[in-house]
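*Asks:* One structure follows; several queries about it will come next.
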Amino acid sequence: MNIRQLELFLAICQYGSMSEAVKHVYISQPALSKAIRELEASIGVSLFDRVHGQLRLNEYGENFRQKATKLVYEFRELENFNQELDEIPLRIGVSLTLAKQTLPQAIQLFQEKYPQKKIKIYAENVDQIQRRLERYEIDMAFTESFRENEAFQLQKISTYRLLLVASAQLNVSHLTSQACTNIAFLLREKGSTLRDGLDNFLESQGIQVVPFMESVNTEVLIQAALSGLGITILPEPFASSYLQSGELVEVTLAGAQFQTINYVVTRHGEEKTSYQNDFLTCFTQIEQSALKL
């Protein structure tokens, strides 16, 4: 039994006879008769009663027609599945840092190619994004320093240096670990890679710092640093324009160097769709352009 046989069977049911059905299915009547005989032989049941040279759907045939109608309908839906994908939003998680740095231009580039494709974006910290991947709430994620897990596959897209920066009016360019206890730090929330690297380093030195200001919004921290309220930590692409203008200066911390690796993350064993691959291309293109500036 195959789908073509089912379509021919339903055509006879619809048009009432083989002679009428062949006008619509574009095969000869002998070929149609042969297809029906093969269908009946494959299921071991006669679907028609043959009375005076005419076909009449019998009780078995009627039951079979109902099931065949549903199956052929669902088969045709599957044939059009790729078109239906256009209606399903591309669900993407992006860390807050990358959302500010790269996301807007990547979306613009993607929508130039796919103006009708819907996109759903979640801009959150790394822990929140990982939970969304685990719950199948997003299809892919762009994030930094993602914790390795057998459930996910990671593809590196870029690396940033992380810089401690402060307003020049603070008159500080170098710190020791011990001096950090007297510094007003302006930090992201725990779970952010802009926070965790510094915390981990200082804790390894037996030092715990309570930030003067904590925020999920990097821009708030930048403005606080520009106002001379304390020291914050930024990805180099974020900090570069402020360093070049002299609004902020880099502050080194003895024995410490910080960096973050940015990844695209998907669930292990899942093949990326064409939309996902194209969005990854757009995102990577913008990301690499930013690093060259």
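Read the figures in this text as sums done on the coordinates, not as results from a lab. These numbers were taken from a predicted model, which means no experiment stands behind them. When we count neighbours, we look across all protein chains shown, and the Cβ atoms used for this are built from the backbone with ideal geometry, even at glycine.
*Asks:* Size of the dipole of the range 72-199 about the Cα centre, Lys and Arg at +1 and Asp and Glu at -1 on the beta carbon, nothing else charged, in debye to 20?
*Replies:* 580
*Asks:* With +1 on each Lys and Arg Cβ and -1 on each Asp and Glu Cβ, and nothing else charged, work out how big the dipole of the range 1-120 is about its Cα centre, in Debye to the nearest 20.
*Replies:* The calculated dipole for the range 1-120 is roughly 340 debye.
*Asks:* Defining a contact as two alpha carbons under 8 Å apart and six or more residues distant in sequence, what relative contact order in percent does the chain show?
*Replies:* Normalised by residue count, the contact order of the chain is 21 percent.
*Asks:* Picking from MET140, GLY230, GLY16, whose Cα lies most toward the positive end of the charge dipole for the chain (charges on Cβ: Lys, Arg +1; Asp, Glu -1)?
*Replies:* About the Cα centre, the residue reaching furthest to the positive side is GLY16.
*Asks:* Same structure, new question: Would you look at the GNM of the chain, springs on alpha carbons closer than 10 Å, and say which of ILE43, ILE121, ILE222 moves the most?
*Replies:* Its mean-square fluctuation being the largest, the pick is ILE43.
*Asks:* Positive end of the dipole of the chain, charges at C-beta (+1 Lys, Arg; -1 Asp, Glu), about the Cα centre: which of ASN217, PHE110, ASN63 has its Cα farthest in that direction?
*Replies:* Result: ASN63, furthest along the dipole toward the positive end.
*Asks:* What ranking, highest mean first, results for peptides 122-132, 50-60 when packing means the other Cβ atoms within 10 Å averaged over each residue?
*Replies:* 122-132, 50-60
*Asks:* So what's the angle, to the nearest 10 degrees on a 0 to 90 scale, between helix 59-79 and the longest Cα principal axis of the chain?
*Replies:* Relative to the chain, helix 59-79 is tipped by roughly 30 degrees.
*Asks:* Count charges around GLN29 for me, please; just the other residues with Cβ under 13 Å from its Cβ, Lys/Arg as +1, Asp/Glu as -1.
*Replies:* After counting each charged neighbour, the total is +2.
*Asks:* Then there is this: Two decimals is fine: what's Rg over Rh for the chain, C-alpha atoms, Kirkwood radius as Rh?
*Replies:* Taking Rg over the Kirkwood Rh, I get 1.32.
*Asks:* Helix 3-15: angle to the longest alpha-carbon principal axis of the chain, degrees 0 to 90, nearest 10?
*Replies:* So the helix axis and the longest Cα principal axis differ by about 50 degrees.
*Asks:* So, in nm, how far is label GLU203 from label ARG4 when the simple model puts each one 7 Å beyond its Cα toward the Cβ?
*Replies:* The modelled label-to-label distance comes out at 6.6 nm.
*Asks:* Hey, which of these cross-link pairs are over 26 Å Cα-Cα: LYS34/LYS70; LYS117/LYS190; LYS113/LYS190; LYS67/LYS272?
*Replies:* Distance filter (> 26 Å) returns LYS117/LYS190; LYS113/LYS190; LYS67/LYS272.
*Asks:* Under 20 Å from a point placed 7 Å out from the Cα of PHE75 along the Cα-to-Cβ direction: which residues of the range 19-45 have their backbone N that close?
*Replies:* Answer for this model: 21-45.
*Asks:* Which of the aspartates and glutamates could a cross-linker span from LYS118 if the Cα-Cα distance has to be under 18 Å and same-chain partners fewer than 8 positions apart are dropped?
*Replies:* Leaving aside aspartates and glutamates fewer than 8 places away in the same chain, those within reach of LYS118 are GLU84, ASP86, GLU87, GLU137, ASP139, ASP278.
*Asks:* Sticking with this structure for a sec: For the chain, find the longest principal axis of its Cα atoms and tell me its angle to the long axis of helix 29-43, 0 to 90°, nearest 10.
*Replies:* Taking the Cα atoms of the chain, the angle to 29-43 is about 70 degrees.
*Asks:* Turning to a different aspect of this structure: Which residue, ALA106, ALA68, ALA184, tops the fluctuation ranking in a GNM of the chain built on C-alpha contacts under 10 Å?
*Replies:* Residue with maximal mean-square fluctuation among ALA106, ALA68, ALA184: ALA68.
*Asks:* Local charge sum around GLU137 (other residues, Cβ-Cβ under 10 Å, Lys/Arg +1, Asp/Glu -1)?
*Replies:* +3
*Asks:* In a GNM of the chain with a 10 Å cut-off on Cα contacts, which of ILE183, ILE27, ILE88 has the highest mean-square fluctuation?
*Replies:* Taking springs between Cα atoms under 10 Å, the residue moving most is ILE27.
*Asks:* What percent do you get for the relative contact order of the range 1-101 when only Cα pairs under 8 Å and 6+ apart count?
*Replies:* 22
*Asks:* Treating cross-link reach as a plain straight distance, find the aspartates and glutamates whose alpha-carbon is under 17 Å from the alpha-carbon of LYS100, omitting any fewer than eight places away in the same chain.
*Replies:* Of all the aspartates and glutamates, those that pass the test against LYS100 - Cα under 17 Å, at least 8 places apart if same chain - are GLU124, GLU144, GLU189, GLU219, GLU236, GLU287.
*Asks:* Give, rounded to the nearest 20 debye, the magnitude of the charge dipole that the chain has about its Cα centre when Lys and Arg contribute +1 at Cβ and Asp and Glu contribute -1 at Cβ.
*Replies:* 660
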